[in-house]
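Everything on this sheet refers to the single structure shown next.
Nothing in this text is a laboratory measurement; each read-out follows from the coordinates by a stated rule. Treat the numbers as computed from the prediction; the structure is a model and nothing was measured. Don't worry about glycine lacking a Cβ; one is built from the backbone with ideal geometry, like all the others, and counts go over all protein chains shown.
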2 protein chains.
Amino acid sequence: MHLPASPAAIELPLLAPAPPERADAARNRQRILCTAERLFAERGVSCVSMDEIAAAAGVGKGTLFRRFGSRAALAMAVLSERESAFQEALIRGAPPLGPGAHPRDRLIAFGEGRLDFLVEHAEILAAAEIGPERFSSAPYEVSRLHLTLLLRQADPGCDAEYLTEALLAALGADFYVYVGLARELPLERLKAGWAELVRRLLPDPGADCVPGARLPAEEAGTAPAPAGA
Amino acid sequence: MHLPASPAAIELPLLAPAPPERADAARNRQRILCTAERLFAERGVSCVSMDEIAAAAGVGKGTLFRRFGSRAALAMAVLSERESAFQEALIRGAPPLGPGAHPRDRLIAFGEGRLDFLVEHAEILAAAEIGPERFSSAPYEVSRLHLTLLLRQADPGCDAEYLTEALLAALGADFYVYVGLARELPLERLKAGWAELVRRLLPDPGADCVPGARLPAEEAGTAPAPAGA
DNA sequence: GTCGGATATCGGACCGTGGTCCGCTTACTG
DNA sequence: CAGTAAGCGGACCACGGTCCGATATCCGAC
């Protein structure tokens with residue numbers, strides 16, 4: 001869907017130092033991912049064991065864990081393409097979400113987009129976001145960096161690191177599974193709540209009380225780390 | 001420490017419909033809790049298995065699970081006394097935390113108190129707050145109710161339910177384990193961040209823009225559900 | 001007071017699952 | 001075509017959680 005293997009594509013050697021993957025390994029990896037996604041969709045994520053995925057994909061359990069490390073990491077890998085697309089929209093997309101809009105509005109758009117993503121993939125995401133390494137996963141790191149930059153731009157005086165973590169906690173999978181699914185708050189209410197939260201948190205763009213926030217660098221630098229990790 | 005079995009004590013039949021606990025059961029329960037707490041402290045929560053706790057307490061594994069249901073529930077039970085004390089302070093304590101202060105200040109005090117609690121018991125709490133039933137646990141329910149009331153008092157126009165969940169997410173055990181322990185943000189910074197977050201979220205008590213917020217009922221109603229559940 | 005039965009409790013054998021290990025196999029390299 | 005290292009796979013382990021026969025406790029009857 002993105003970053004195809006087209007040989008004419010621009011090389012980013014610093015970001016792609018991992019060409020050596022044996023052919024059979026690549027084949028198995030792809031088969032595992034497809035099989036896992038299919039089983040997840042057919043029977044529900046929590047009703048599919050790693051043994052079943054391995055058997056259905058025609059590989060040994062050891063292979064499964066060698067390639068993905070854990071159940072959570074496998075779920076993350078299943079979503080990695082879509083996750084990358086979302087990141088792409090953040091960094092190079094159209095203005096409400098992508099660069100160009102005021103940081104506060106981008107922050108609101110980020111949360112709303114994330115909520116859409118949660119609705120779509122809640123089950124798999126909930127499986128992906130367990131264990132302590134969930135905070136070190138590539139998508140989480142990207143989101144954190146993004147939020148921190150936006151917060152700093154919108155209000156250089158705030159504790160951007162703390163606020164980043166606090167806000168991300170309200171966009172996590174288990175948060176949505178509980179608030180959105182168990183308590184059945186409708187998506188629109190969650191989006192409205194998020195927008196209001198951000199609006200209260202950050203100064204109004206109309207009032208020019210933060211003159212230094214004129215989008216200094218716009219974070220166009222390097223591409224995000226590919227989701228393969 | 002609380003609700004002793006003194007026969008002369010005032011009876012609250014609606015809240016204590018569970019007197020029938022066999023003598024040996026009570027003895028075992030106490031022994032299990034003490035043993036678990038000791039083992040947790042000695043070797044770290046994550047290095048103690050349920051089998052070990054059962055063996056050290058001199059009971060069978062079945063007893064352990066019959067009484068507590070799950071590892072998370074056992075951890076919760078270990079903390080229940082301290083948790084009850086905190087709830088007590090919320091409902092009947094001195095004004096910054098207890099009733100009497102402005103809701104916004106109580107909310108700030110609540111978060112700071114909760115952070116202290118997290119610092120003290122991070123490991124056990126992290127074990128207690130796993131699984132989907134963590135949101136239905138008695139302490140969580142009490143916190144939620146408390147926050148929702150305070151938010152409604154401080155600003156009747158806000159979406160108190162959404163904000164409650166969003167704020168509680170920033171006071172959860174895994175949040176602290178990551179932000180406070182892994183990223184090593186000092187406690188004082190977390191407290192300051194929380195206070196600033198609440199301050200930005202809610203209108204200033206000085207400005208009387210919320211005339212209806214004069215602490216209408218002060219939630220003195222019934223005692224909280226005892227932690228035994 | 002003690003006896004007997006209904007019933008809650010006990011405890012360890014048992015299961016499924018996530019995760020690890022290590023000898024065998026298979027694909028790349030010169 | 002041989003060497004080599006990466007990949008592979010299934011036996012193995014530890015742990016959380018379940019089940020059911022054996023056992024102890026309580027309560028009413030005598």
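Taking the label point 7 Å along Cα→Cβ, A:CYS47 and its counterparts in the other copies are spaced 4.1 nm apart, in ascending order. Relative to the Cα centre, the charge distribution of the range A:56-148, modelled as +1 at Lys and Arg Cβ and -1 at Asp and Glu Cβ, gives a dipole magnitude of about 320 debye. Ranked from shortest, the separations from the 7 Å Cα-to-Cβ label point of A:ARG144 to its equivalents in the other copies are 2.8 nm.
Legend: mean number of C-beta atoms from other chains within 10 angstrom of residue C-beta atoms, peptide B:89-97, equals 0. For B:GLY93, nonlocal amide neighbours, meaning residues 5 or more places apart or on other chains whose placed amide H falls under 5 Å from its own, are B:GLY98. Label points for A:ALA89 are taken 7 Å from Cα along Cα→Cβ. From this copy to the others they lie 4.4 nm apart, shortest first.
For the range B:120-201, the mean projected area of the C-alpha convex hull, equal to one quarter of the hull surface, is 5.7 nm². Within the range A:54-97, the proportion of C-alpha pairs whose separation exceeds 14 Å stands at 61%. Charge tally around B:ARG27: other residues with Cβ under 14 Å, Lys/Arg +1 each, Asp/Glu -1 each, net +2.
One compactness figure for the range A:106-150 is 1.20, namely its Cα radius of gyration divided by 2.2 N^0.38 Å.
Peptide B:157-170 is shielded by partner chain Cβ atoms: per residue, an average of 6 of them sit within 10 Å of its Cβ. Distance distribution note for the range B:58-130: the fraction of Cα pairs above 21 angstrom is 41%. The rotation axis taking chain B to chain A passes closest to the C-beta of one chain B residue; that residue and the distance in whole Å read B:ALA169, 2.
At the listed q of 0.08, 0.10, 0.11 Å⁻¹, the Debye profile of the range B:37-182, built from one uniform point per Cα, gives log10 I(q)/I(0) equal to -0.26, -0.39, -0.47. Applied to the range A:73-88, the Karplus parametrisation 6.51 cos²θ - 1.76 cosθ + 1.60 on θ = phi - 60° returns per-residue 3J(HN,Hα) values of 5, 5, 4, 4, 5, 4, 8, 5, 4, 5, 4, 5, 4, 5, 4, 4 Hz, with x for Gly and Pro.
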